[in-house]
Amino acid sequence: MRLKFWKKKDKENKKKKSKAREWIDSIVFAVVAATLIRWLIMSAYTIPTPSMEGTQMVGDFLFVSKLHYGARTPKTLLHMPLTDNKIWGTNIPSYLDWIQLPIRRIPGFSDVKNNDVVVFNWPADTTKSPVDMKVNYIKRCVGIPGDKLEVKNTQLYINGKKAKDPEKLQFLYRLVSSMSISQKVLDKLDIYRNNSYYVTPTNDNKFIYQIFTTPQNIKLLKQQLGPAALSMQILAREKNEFAAEIYPNSYWRDQNMRKGGQYNYKQTPWNQDYFGPLTLPKEGMKIEMTKENIIKYGPVIKEYEYHDKVEVANDFSKITIDGKEIKTYTFVQDYYFMMGDNRHNSQDSRYWGFVPRDHVVGKAWFTWLSLNPNKGLFSGKVRWGRMFKSID
């Protein structure tokens, strides 16, 4: 009887949780659950730039799968939950880099494949943030480790064969017409003045347009304009036309600026339309440290291969790691080549180089919402046809 008495007294004395405590417990549980889902399963992103149009449109909201390639273990432990690298609506970092751990990857059910649309941490992020806190980019993986990649007259080749083009691949076209093209016609093709075209009237009653669009749209415009369409052609650069902004010239140019003109960065006669050939590094791949390979792969060894000190001779004749010259090098991780589907309006691997395996965030999965920034709320703002659409 005494035992029952004390049990009853304990229940009577036990205080009920206050409403505030219940709310706090619920919020903590929701944040923990959402953080685990965001880390292990999927996370949400938005498309801010036109580099992937028309596959992914500006204003698309999408879910990115962490299951496909496997989630990464956090490198930066002191990080505000449910944020990327900034506190919402500010430029204030959402993390402290006091504690850094090695990145490991939980096994996924797929490797990164050619033509996957991938979200990754931008390797060339100049903020020098930890890997998992770098800016997120989305591009199409066009080359996987070990592939030999080349671009010839805007056409991508992988291992000597023409690569499969995305369905809505875009280029910059020069269109000359004897009549003005109605804005309504261009709007129907998702070609908007603010980010997709320029027009210049001439003295001889011609209109010259520069348009970022697909080959399919060019055919439709040609049909609609009829004889008024005087010429339509892709604005491609010339073969062997040097471009300082193209990798690896861009990397050595930046190093040149930091070190006061030590490097001659005018090394490869490549540009966005004629690029390569270039073999993508693969874990375990061994290369000779020739001048050509130092120029092409020196940036990878310096920035992403976990070495404390890497030095490259001013004339690219040798490379040293921790003070010791190396004649051969074996890569410790895989690297990918990413390109935007809007080939003439995309800052991608042609400009800043390879994407290391440890920078891969996940596979773009499906679009759950799409808002057209060029339309009003009641005039086509919501792109209903893109909602809950898988990403190919």
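The values are calculated or read from the model by the stated rules, or taken from the named source; none is laboratory data. None of these values were measured; they are calculated from a predicted model. Every residue, glycine among them, receives a Cβ derived from its backbone with ideal geometry; neighbour counts consider all protein chains shown. Protein only, heavy atoms only, side chains kept; ligands, DNA and RNA dropped before computing areas. Shrake-Rupley method; radii C 1.70, N 1.55, O 1.52, S 1.80 Å.
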Members of region 174-200 that are in contact (Cβ under 8 Å) with a residue 12 or more places away in the chain and more than 21 Å from residue 58 (Cβ to Cβ): 174, 175, 176, 177, 178, 179, 180, 181
All positions within region 97-135 that are of a type outside the set (Asp, Glu), open to solvent by 50 Å² or more (accessible area, probe 1.4 Å) and in contact with a Phe, Trp or Tyr (Cβ under 8 Å, 6 or more places away or on another chain): 105, 122, 135
Residue identified as farther than 15 Å from residue 361 by Cβ and surrounded by 13 or more Cβ atoms within 10 Å (Cβ to Cβ) among 94, 26, 43, 65: 94
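Residue-wise test of (1) farther than 21 Å from residue 141 by Cβ; (2) modelled with pLDDT under 85; (3) open to solvent by less than 80 Å² (accessible area, probe 1.4 Å).
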{"position": "3", "(1), (2), (3)": "yes, yes, no"}
{"position": "11", "(1), (2), (3)": "yes, yes, no"}
{"position": "20", "(1), (2), (3)": "yes, yes, yes"}
{"position": "55", "(1), (2), (3)": "no, no, yes"}
Filtered residues of region 192-235 (kept if closer than 22 Å to residue 374 by Cα and among the aliphatic types (A, V, I, L, M)): 199, 211, 218, 220, 221
All strands (runs of 3 or more DSSP E) inside region 278-321 with 1 or more residues being open to solvent by 20 Å² or more (accessible area, probe 1.4 Å), of a type in the set (Lys, Arg) and closer than 21 Å to residue 145 by Cβ: 286-288
Failed condition for residue 351, given (1) outside any strand (DSSP E or B); (2) within 27 Å of residue 186 (Cα to Cα): (2)
Given (1) open to solvent by 40 Å² or more (accessible area, probe 1.4 Å); (2) part of a strand (DSSP E or B), number of the condition residue 180 does not satisfy: (2)
Residue in region 373-390 that is among the charged types (D, E, K, R), crowded, with 17+ Cβ neighbours inside 10 Å and not in a strand (DSSP E or B) present: yes
Some residue of region 43-58 being closer than 13 Å to residue 372 by Cα and in contact with a helix residue (DSSP H, G or I) (Cβ under 8 Å, 6 or more places away or on another chain): yes
Residue under evaluation residue 262, criteria (1) open to solvent by less than 70 Å² (accessible area, probe 1.4 Å); (2) in contact with a helix residue (DSSP H, G or I) (Cβ under 9 Å, 6 or more places away or on another chain), criterion not met: (1)
Residue list for region 265-277, restricted to those being assigned to a loop (DSSP other than H, G, I, E, B) and surrounded by fewer than 16 Cβ atoms within 10 Å (Cβ to Cβ): 266, 269
Exclusive hit being open to solvent by less than 30 Å² (accessible area, probe 1.4 Å) and closer than 24 Å to residue 280 by Cβ, set 160, 143: 143
Criterion: among the hydroxyl-bearing types (Ser, Thr, Tyr) and within 18 Å of the chain's Cα centre (by Cα) - qualifying residue of 297, 304: 304
Criterion: touching an Asp or Glu at 6+ places or on another chain (Cβ under 8 Å) and either within 23 Å of residue 55 (Cβ to Cβ) or not in a strand (DSSP E or B) (or both) - qualifying residue of 204, 190: 190
Test: residue in region 358-368 that is part of a loop (DSSP other than H, G, I, E, B), in contact with a Ser or Thr (Cβ under 9 Å, 6 or more places away or on another chain) and open to solvent by less than 50 Å² (accessible area, probe 1.4 Å): no
Scope region 53-69; condition within 18 Å of the chain's Cα centre (by Cα) and assigned to a loop (DSSP other than H, G, I, E, B); matching residues: 53, 54, 55, 56, 57, 58, 59, 66, 68, 69
Test: residue in region 209-229 that is farther than 25 Å from residue 276 by Cβ, under 23 Å from the mean Cα position of the chain (by Cα) and among the hydroxyl-bearing types (Ser, Thr, Tyr): yes
Close pairs (9 angstrom Cβ cut-off, 6 or more residues apart or separate chains): closer than 14 Å to residue 31 by Cβ in region 72-89, among the hydrophobic types (A, V, I, L, M, F, W, C) and open to solvent by less than 60 Å² (accessible area, probe 1.4 Å) anywhere: 79/133; 80/87; 81/31; 81/34; 82/31; 82/34
Verdict on residue 353 being farther than 29 Å from residue 270 by Cβ, open to solvent by less than 10 Å² (accessible area, probe 1.4 Å) and under 18 Å from the mean Cα position of the chain (by Cα): no
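Which residue is surrounded by the most Cβ atoms within 10 Å (Cβ to Cβ), if the candidates are limited to region 207-244 and must be assigned to a helix (DSSP H, G or I) and touching a helix residue (DSSP H, G or I) at 6+ places or on another chain (Cβ under 8 Å)?
So the residue we want is 221.
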